[in-house]
Amino acid sequence: MADGKTMKKSYVLKTTKLIAKRVMAPVLFRLILLLTLETVTAFALSMVFAGLTAKLELNSVVTIWRFRIDYVAVLLSLFGSLFLLPLSLGITEHLLKLVRRKEAKFADIFLWYADGAKLKRVASYFLYTVALAVLTIPLYTIPSEYLLNTANAVLADLSDRLLAGAASVSVDWSLVDFSAVGVCVAMMLVYALISVKLLVTQYYFVDDNSLGPFSAAYRSWRVMRGHTLEFILLMLSFIGWYIACSLTLFIVALYLLPYLRMSVVIFTEYVRAANELKSAPSSPESETPSGNQ
């Protein structure tokens, strides 16, 4: 039984990546353009609102145990995501059309900015992202910032001692609060699990105009039951590509990002199809006793 499950997971991973390659091959340049546009827009918005946070110079930092929370920066970041959300939803819808071999026009990704009905849905999805942020910011944003600051402090200490001419340099572990680091790692693992469970939310949302974001999140949580490990293994199967990106100054990312994103889209299609097959009622023919046939 265990071997059968392992073989099934291996088959799902291989098939998902194979289909992803086939779908993206004829539209690779368009995918690169789409994902670059999304990434650059997200980066530009983050820089604008980070600059605005610094310019306001408000004393908005709250300290809870070892962690510092700049609530004004958090609020501005959430507000900035409102401008990116229509583009993200448009790109998600576009990728689903490509996977399903439907007509997908590049200009349609901007409809979520212009169409009145879609803008109302953007607003409802934004309320969902705000509610989700209340949960995820303490689980990811704050811990990741703490870990980054700790790593920078350790590296800065090593650099200062090297520049001072120290004959031998070792890590000053007194700069590391291991209890806080452990809490950060635990919180980020919980965040990762929640993120995987909610993976299909946006795909359900753009696919059904009658479905609200919270209902889509509920469906995602339900259909991902039994598929969480499969998705984690799918992400880990790209580890060689991640290493290649770092070794090639992220040039490989021009291929990896479309490949990775398309694999995720296809995986969500597989999960949704598997759930529909599982919940489909048996046909009358299959329920007919063999002796009456």
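The values are calculated or read from the model by the stated rules, or taken from the named source; none is laboratory data. Model, not experiment: these values are computed from the prediction. Counting neighbours? That spans all protein chains shown, and the Cβs are built from the backbone with ideal geometry, glycine included. Keep in mind that these areas ignore ligands, DNA and RNA; they rest on the heavy atoms of the full protein, side chains included. Shrake-Rupley method; radii C 1.70, N 1.55, O 1.52, S 1.80 Å.
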- Message: Conditions first: (1) closer than 20 Å to Glu38 by Cα; (2) open to solvent by 90 Å² or more (accessible area, probe 1.4 Å). Pro258 passes all but one, so which condition is the exception?
- Response: (2)
- Item | In the stretch 164-221, the residues that are open to solvent by less than 70 Å² (accessible area, probe 1.4 Å), of a type in the set (Phe, Trp, Tyr) and modelled with pLDDT of 95 or more | Tyr203, Tyr204, Phe205
- What pairs can you find where one residue is in the stretch 157-185 and aliphatic (A, V, I, L, M) and assigned to a loop (DSSP other than H, G, I, E, B), the other is modelled with pLDDT of 80 or more and open to solvent by 100 Å² or more (accessible area, probe 1.4 Å), and their Cβ atoms are less than 8 Å apart, with a gap of 6+ or different chains? Val169/Leu162
- Message: Test of understanding: among Leu58, Leu87, which residue is farther than 16 Å from Met262 by Cα and modelled with pLDDT of 90 or more?
- Response: Leu87
- Note on the structure: Matching residues in the stretch 10-30 (open to solvent by less than 50 Å² (accessible area, probe 1.4 Å) and charged (D, E, K, R)) number 1
- Message: Scan the stretch 122-135 and tell me whether some residue there is free of Cβ contacts under 8 Å to residues at least 24 places away in the same chain, over 30 Å from Ile69 (Cα atoms) and exposed (fewer than 14 other Cβ atoms within 10 Å of the Cβ).
- Response: no
- Message: Residues that are out of contact with any Lys or Arg (no Cβ under 6 Å at 6 or more places or on another chain) and under 27 Å from Val264 (Cβ atoms): does the stretch 55-71 have at least one?
- Response: no
- If you go through the stretch 32-82, how many residues are assigned to a loop (DSSP other than H, G, I, E, B) and open to solvent by 80 Å² or more (accessible area, probe 1.4 Å)? 5
- Is it true that some residue in the stretch 136-151 is open to solvent by less than 50 Å² (accessible area, probe 1.4 Å), at pLDDT below 90, outside any helix (DSSP H, G or I) and not small (Gly, Ala, Ser)? no
